[in-house]
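The values are calculated or read from the model by the stated rules, or taken from the named source; none is laboratory data. On a predicted model such as this, the values are computed, not experimentally measured, just so you know. Here the Cβ positions follow ideal geometry from the backbone for every residue, glycine too, while neighbour counts run over all protein chains shown. These accessible areas exclude ligands, DNA and RNA; they are computed on the full protein's heavy atoms, side chains included. Shrake-Rupley method; radii C 1.70, N 1.55, O 1.52, S 1.80 Å.
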Amino acid sequence: MEKGFAVQDGYTSFITKCTICAGDEKSGDSKVYVNKATGYFICPKCNIHGEWKILERLVKRAKMETTIKDYIDKMQQSTSLFQKDWEKIKEETTSLSKLSEKEMLDIFTLFEFPYHPDACKVLLDVRVSADNTILYFPLKNALDIVIGYRKIQAGREEEAENYGQHTTGLFWCKAHKVSHNAQAVLVPNIQDVLHLAAHKVPGSLVWLNNCNLPPVVLPTLEGYQKLCLWGDWDNMRAVAEKLGEDRCRFVRPTDGLVTASETAAANLPLKTLVSEAKPASHRSITTFSALRDDVYSELTNIDKVRGIKWRRFPALTRLLGGHRRGELTILTGPTGCGKTTLCAEMSLDLAQQGVNTLWGSFEIRNSRLARTMLQQFAGVPLEQHLQDFNRYADDFQKLPIYYLAFHGQQPIKVVMEAVEHARYMHDIAHVVVDNVQFMLGLGEERDGDRYQRQDAVVAAFRTFATARHCHVTLVMHPRKERESEDLSTSSIFGSAKASQEADNVLIIQDKRLTAVRGKKYLQVAKNRYSGDLGIVPLDFEKDSLSYQSKRKKSKQDDPDKLLDECFEEYSINGQHYDVDENGAKKSNQVNKARHKKENATTYLSDILNLNRNR
């Protein structure tokens, strides 16, 4: 650097001394980690962090500016407030290290944790509330300083929430008989950590909540020479890209067992599987022997390979199999048919299952889109339930949905830079662009052919989906067709490139205005994964703005059937049994049906007589 500071080239960051706390006694710990991809910096010692432009002003100026000084003071105040909050929690809670063996066993049973003496040792820093229903996991940085905590409540273990300073910490446990920087094993849940500890797996054990790894926590793992990833590969692949694939190893699923908990339940040696972990990446040229484990993994995990299933659209799941990463989906339909509304609900369904989603709404404003998705989430007309707005909004805000701050026509280069940044920062797994035509007006080729510009947009997102292992959904308008004709893959506006590049093509067919009994339905016109094609009926419910499949009326819902069930107890009490076993079984069925019929007839007769008397 121009100031003469020594710079160390790390796996994910450039490391140099911190100019803010370098004058302290332990100046050796005063290091600034600068992310190679984003330029974001952080000092684990004084916890000062920010954008690259702030670091530039800190380094270049001999005298600190007033605005920068105010920025640092604000950071230090935030640190002080968190320390007070953490101290208050420590006063109101108890460390697990002070509990008896019976109390520990009760807590493990309540939270459904696997109990083992070695598993208990890794939770000694964890604190429990007075009623033993809430656990507080300390989140630490690279200097082993607590800078946050993760809270989980009994019965709601899947809804772990992080608190603290910029969520810059990780929950990790000390290594077993291994040097601190030798190896770390990264897993998606705390149960996996406990199983690995019980099997005495060497290395520090790190809990990544749902495989979520914000870039600000990367300095915590900077010192490890080897990182072993154990979890769903679709999610761990993005983690490996951030950490540096050269030092990452991946534990391949064995016989359909994806996580360490599943493998431990099958009594397989976890220590052996960790030691046999394979490199996370292949070279440019590979052989079948290198891909053999991947092929076997797909065959033994066929349900996961199909993708995440839509809960609101089971018929669509039966056709497509599910929502898979690395694919490109095109959704088209006539003007005003509800493309945005349907796409919003499909993405909401996936976000509720933990799929990090990025919405690029170029046609309607983000506030209107968010209102639509909130009403679909609540399932009621919001204007009639304003008293419940805060409750719905608080729950909706927890979903991993992000929005691009664009509206109208934008250059594809600017859009792709924003998408790449969001994928890196927020582990985006699903990108929605609504719609492509609104992106075609501006660009470097302003006077060029609009078909060529659209092809460039499709090609850019096709490359992004494949290279970044992320699903992309493009909403596109069709060319003008006769209203009496069905739309097809050739109806998509532009050249044939869009339909050729797409893995899935979904077309909304709206026949309500062209036929007496016309219906609206979603047609799966292309399905590269399985080849299954078909239609999904779409019935719109205005109150919830939803196309969610309605439950069909079952036989049990028939009034006559329900009436018969009301008299079942009388028919059972009136049963007679024969001596022969087979005869008794037959007699029971006949008597049951006869008594139900007689009682139902009598009941109906009484009702008719009552009406006549009136």
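From the list ARG249, ARG237, pick out the single residue that is open to solvent by 20 Å² or more (accessible area, probe 1.4 Å), in a strand (DSSP E or B) and closer than 27 Å to ASN162 by Cβ.
ARG249
List pairs: first residue in the range 480-506 and of a type in the set (Phe, Trp, Tyr), second residue modelled with pLDDT under 85 and surrounded by 14 or more Cβ atoms within 10 Å (Cβ to Cβ) anywhere in the structure, Cβ distance under 8 angstrom, at least six positions apart or on different chains.
These pairs meet every condition: PHE493/GLN437.
Suppose we filter ARG318, ARG324 for residues that are modelled with pLDDT of 80 or more, open to solvent by 70 Å² or more (accessible area, probe 1.4 Å) and not acidic (Asp, Glu); which single one remains?
After ruling out the rest, the residue left standing is ARG318.
For the range 296-364, please list each of the helices (runs of 4 or more DSSP H) lying entirely inside it that holds at least 2 residues being closer than 23 Å to ARG237 by Cα.
Filter on the range 296-364 gives 302-305, 339-351.
Looking at the structure I just gave you, is SER347 closer than 25 Å to HIS477 by Cβ, among the polar types (S, T, N, Q) and free of Cβ contacts under 8 Å to residues at least 40 places away in the same chain? Before the answer, list the steps.
Working: closer than 25 Å to HIS477 by Cβ: yes; among the polar types (S, T, N, Q): yes; free of Cβ contacts under 8 Å to residues at least 40 places away in the same chain: no.
When the stated conditions are applied, SER347 does not pass them.
Here is a yes/no grid of residues against (1) more than 21 Å from VAL34 (Cβ to Cβ); (2) modelled with pLDDT of 85 or more:
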site	(1), (2)
LEU227	no, yes
TRP230	yes, yes
ARG247	no, yes
SER261	yes, yes
ALA266	yes, yes
VAL274	yes, yes
HIS282	yes, no
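GLN83: over 30 Å from VAL419 (Cα atoms), modelled with pLDDT of 85 or more and surrounded by 13 or more Cβ atoms within 10 Å (Cβ to Cβ), yes or no?
Against the criterion (over 30 Å from VAL419 (Cα atoms), modelled with pLDDT of 85 or more and surrounded by 13 or more Cβ atoms within 10 Å (Cβ to Cβ)), GLN83 qualifies.
What is the residue count in the range 300-315 for residues that are surrounded by fewer than 19 Cβ atoms within 10 Å (Cβ to Cβ) and of a type in the set (Gly, Ala, Ser)?
1
Just one of (1) open to solvent by less than 60 Å² (accessible area, probe 1.4 Å); (2) outside any helix (DSSP H, G or I) trips up LEU58, so point out which.
Condition not satisfied by LEU58: (2).
Residue check, ARG127 against (1) modelled with pLDDT of 90 or more; (2) under 24 Å from ALA264 (Cα atoms); (3) open to solvent by 20 Å² or more (accessible area, probe 1.4 Å), all met but one. Which one?
Every condition holds for ARG127 apart from (2).
Right, LEU291: in a helix (DSSP H, G or I) and either open to solvent by less than 30 Å² (accessible area, probe 1.4 Å) or in contact with a helix residue (DSSP H, G or I) (Cβ under 9 Å, 6 or more places away or on another chain) (or both) or not?
Criteria not met by LEU291.
Can you work out which of the residues in the range 380-407 that are over 21 Å from the mean Cα position of the chain (by Cα) and not in a helix (DSSP H, G or I) is surrounded by the fewest Cβ atoms within 10 Å (Cβ to Cβ)?
My answer is ALA405.
Which residues, counting only those in the range 35-50, are in contact with a Lys or Arg (Cβ under 9 Å, 6 or more places away or on another chain), open to solvent by 30 Å² or more (accessible area, probe 1.4 Å) and either in a helix (DSSP H, G or I) or more than 23 Å from ASP144 (Cβ to Cβ) (or both)? Steps first, answer last, please.
In the first step, residues of the range 35-50 are kept if they are in contact with a Lys or Arg (Cβ under 9 Å, 6 or more places away or on another chain); the result is 37, 39, 43-45.
Next, from what is left, pick out any that are open to solvent by 30 Å² or more (accessible area, probe 1.4 Å): 37, 45.
Scanning the range 35-50 gives a single hit, ALA37.
Can you tell me which of ALA460, ALA465 is open to solvent by less than 40 Å² (accessible area, probe 1.4 Å) and out of contact with any helix residue (DSSP H, G or I) (no Cβ under 6 Å at 6 or more places or on another chain)?
Working: ALA460 fails: out of contact with any helix residue (DSSP H, G or I) (no Cβ under 6 Å at 6 or more places or on another chain).
Result: ALA465 is the single residue among ALA460, ALA465 that is open to solvent by less than 40 Å² (accessible area, probe 1.4 Å) and out of contact with any helix residue (DSSP H, G or I) (no Cβ under 6 Å at 6 or more places or on another chain).
Taking only the range 357-407 into account, find how many residues are free of Cβ contacts under 8 Å to residues at least 60 places away in the same chain and either aromatic (Phe, Trp, Tyr) or touching a Gly at 6+ places or on another chain (Cβ under 8 Å) (or both).
9
Just to be sure I understand, how many residues within the range 500-510 are open to solvent by 20 Å² or more (accessible area, probe 1.4 Å) and in contact with a strand residue (DSSP E or B) (Cβ under 7 Å, 6 or more places away or on another chain)?
Final tally of qualifying residues: 2.
Please pick out the residue among LEU268, LEU227, LEU218, LEU273 that is aliphatic (A, V, I, L, M), within 24 Å of TRP172 (Cα to Cα) and in a loop (DSSP other than H, G, I, E, B).
LEU268
Can you tell me which of (1) surrounded by 12 or more Cβ atoms within 10 Å (Cβ to Cβ); (2) under 17 Å from LEU440 (Cβ atoms); (3) at pLDDT below 90 is the one LYS480 doesn't meet?
(1)
Every residue in the range 101-116 that is without any contact (Cβ under 8 Å) to a residue 40 or more places away in the chain and assigned to a helix (DSSP H, G or I), please.
The answer is GLU101, LYS102, GLU103, MET104, LEU105, ASP106, ILE107, PHE108, THR109.
Within the range 159-202, which residues are over 23 Å from ARG127 (Cα atoms), at pLDDT 85 or above, open to solvent by less than 60 Å² (accessible area, probe 1.4 Å) and not β-branched (Val, Ile, Thr)?
Scanning the range 159-202 gives GLN183, ALA184, PRO202.
Of all residues in the range 61-70, how many are assigned to a helix (DSSP H, G or I) and among the aliphatic types (A, V, I, L, M)?
Within the range 61-70, the first condition is being assigned to a helix (DSSP H, G or I), and the residues that meet it are 66-70.
Those still in the list that are among the aliphatic types (A, V, I, L, M) too: 68.
Residues meeting the conditions: 1.
Would you check which residues across the range 353-370 are in contact with a Leu (Cβ under 8 Å, 6 or more places away or on another chain) and either β-branched (Val, Ile, Thr) or modelled with pLDDT of 95 or more (or both) and list them?
Within the range 353-370, THR357, LEU358, TRP359 qualify.
Counting just the residues of the range 525-553 that are at pLDDT 90 or above, farther than 17 Å from GLU327 by Cα and among the charged types (D, E, K, R), which one comes out surrounded by the fewest Cβ atoms within 10 Å (Cβ to Cβ)?
LYS542
Evaluate the range 133-144: report whether one residue or more is open to solvent by less than 20 Å² (accessible area, probe 1.4 Å) and in a loop (DSSP other than H, G, I, E, B).
Yes, some residue in the range 133-144 is open to solvent by less than 20 Å² (accessible area, probe 1.4 Å) and in a loop (DSSP other than H, G, I, E, B).
Conditions: (1) more than 30 Å from HIS421 (Cβ to Cβ); (2) open to solvent by 30 Å² or more (accessible area, probe 1.4 Å); (3) outside any loop (DSSP other than H, G, I, E, B). LYS53 meets all but one. Number of the miss?
Among (1) more than 30 Å from HIS421 (Cβ to Cβ); (2) open to solvent by 30 Å² or more (accessible area, probe 1.4 Å); (3) outside any loop (DSSP other than H, G, I, E, B), LYS53 violates only (1).
Does the range 328-337 include one or more residues that are of a type in the set (Val, Ile, Thr) and open to solvent by 20 Å² or more (accessible area, probe 1.4 Å)?
The answer is yes, given that some residue of the range 328-337 is of a type in the set (Val, Ile, Thr) and open to solvent by 20 Å² or more (accessible area, probe 1.4 Å).
Could you grab me the full set of residues in the range 17-43 that are of a type outside the set (D, E, K, R), under 17 Å from ASN141 (Cα atoms) and at pLDDT 80 or above?
CYS18, SER30, VAL32, TYR33, VAL34, ASN35, TYR40, PHE41, ILE42, CYS43
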